Every structure is written in C-alpha cells, then in structure tokens.
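Reading through the structure tokens given below for one structure.
The values are calculated or read from the model by the stated rules, or taken from the named source; none is laboratory data. The structure presented is a predicted model; accordingly, all values stated were derived computationally and were not measured. Cβ atoms come from the backbone with ideal geometry, glycine included; neighbour counts cover every protein chain shown.
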C-alpha cells in the first residue's frame, strides 16, 4: 500500500477526478467523479450515482486508475477497489452526497480504493515518476 502524503491529500480535496477502469475483456472506461475523497492515508473513496459502465467494469476487474489534475499539477493513483452498498463508509459517503447535492439521488454504492501506487502527472522532468 502507498501512503498518500498530507500534501497530496490537501491537493485532492474538492477536485474533479477521472476514474479509469477496464472490464474483463480489457475494454476501457473513463468517467468523471466529483465526489472523490481521501478516506485515510492509504485509501480513496467516491460515490457512484449514475455510472453503469464503471460499476460493470469494476465488478469484472477491480483494478482502477484515478487521475486528479488542477492546472499544471496532477497525481495518478492506482489500486484495487471494493464496492460498498452498506456499512460505515457507505453511510458516510451517502451522507456527504446528500448534504452537498440534495437534489440528486443517493449513491447506489461507494467505491473504496486501496491505493497501491501514486505517480506524478505534473509536466517536467518528474512527469510519470512513481511517488509512493
């Protein structure tokens, strides 16, 4: 497991994430997620409200890549997911979605990501460098 530094945790807060997945046949899927949060220093989580393709892919292949970029700074996280439909993490994610976006339906599930590695997506000589 990779450790998500405090600096990277602060960077991720409030930013749009792009989640890349692939089904069992390797067919790729890319979807924006506006609910990505750092759960702890080794775990990310997001609510999934509408993504049928993302869920289908993650059910078949739990490996995921997540990119978060702001202007010229960015990070990529790779890891394995767990789909949650109940429990404390799911409840916390659901509560956050309902408070932030009361007009939207609650999440169908929460995606908990055990982060295996973190890479720089910032331009320059460190581009693509494994950070953790």
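Which one is surrounded by the fewest Cβ atoms within 10 Å (Cβ to Cβ), of the residues in region 26-49 that are in contact with a helix residue (DSSP H, G or I) (Cβ under 8 Å, 6 or more places away or on another chain) and assigned to a loop (DSSP other than H, G, I, E, B)?
27
Is region 92-101 home to any residue that is out of contact with any helix residue (DSSP H, G or I) (no Cβ under 6 Å at 6 or more places or on another chain), within 20 Å of residue 51 (Cβ to Cβ), in a loop (DSSP other than H, G, I, E, B) and without any contact (Cβ under 8 Å) to a residue 24 or more places away in the chain?
Checked against the condition, which is being out of contact with any helix residue (DSSP H, G or I) (no Cβ under 6 Å at 6 or more places or on another chain), within 20 Å of residue 51 (Cβ to Cβ), in a loop (DSSP other than H, G, I, E, B) and without any contact (Cβ under 8 Å) to a residue 24 or more places away in the chain, region 92-101 yields at least one hit.
Name the residue, out of 17, 57, that is out of contact with any helix residue (DSSP H, G or I) (no Cβ under 8 Å at 6 or more places or on another chain), surrounded by 15 or more Cβ atoms within 10 Å (Cβ to Cβ) and more than 22 Å from residue 99 (Cα to Cα).
57
Taking the condition in a strand (DSSP E or B), surrounded by 18 or more Cβ atoms within 10 Å (Cβ to Cβ) and within 15 Å of the chain's Cα centre (by Cα), does residue 11 pass?
It is false that residue 11 is in a strand (DSSP E or B), surrounded by 18 or more Cβ atoms within 10 Å (Cβ to Cβ) and within 15 Å of the chain's Cα centre (by Cα).
Let me confirm something: among 44, 104, which residue is on the phi < 0 side of the Ramachandran plot and modelled with pLDDT under 90?
Exactly one residue qualifies, and that residue is 104.
Within the bounds of region 63-80, is there any residue that is surrounded by 15 or more Cβ atoms within 10 Å (Cβ to Cβ) and not in a strand (DSSP E or B)?
The answer is no; no qualifying residue exists.
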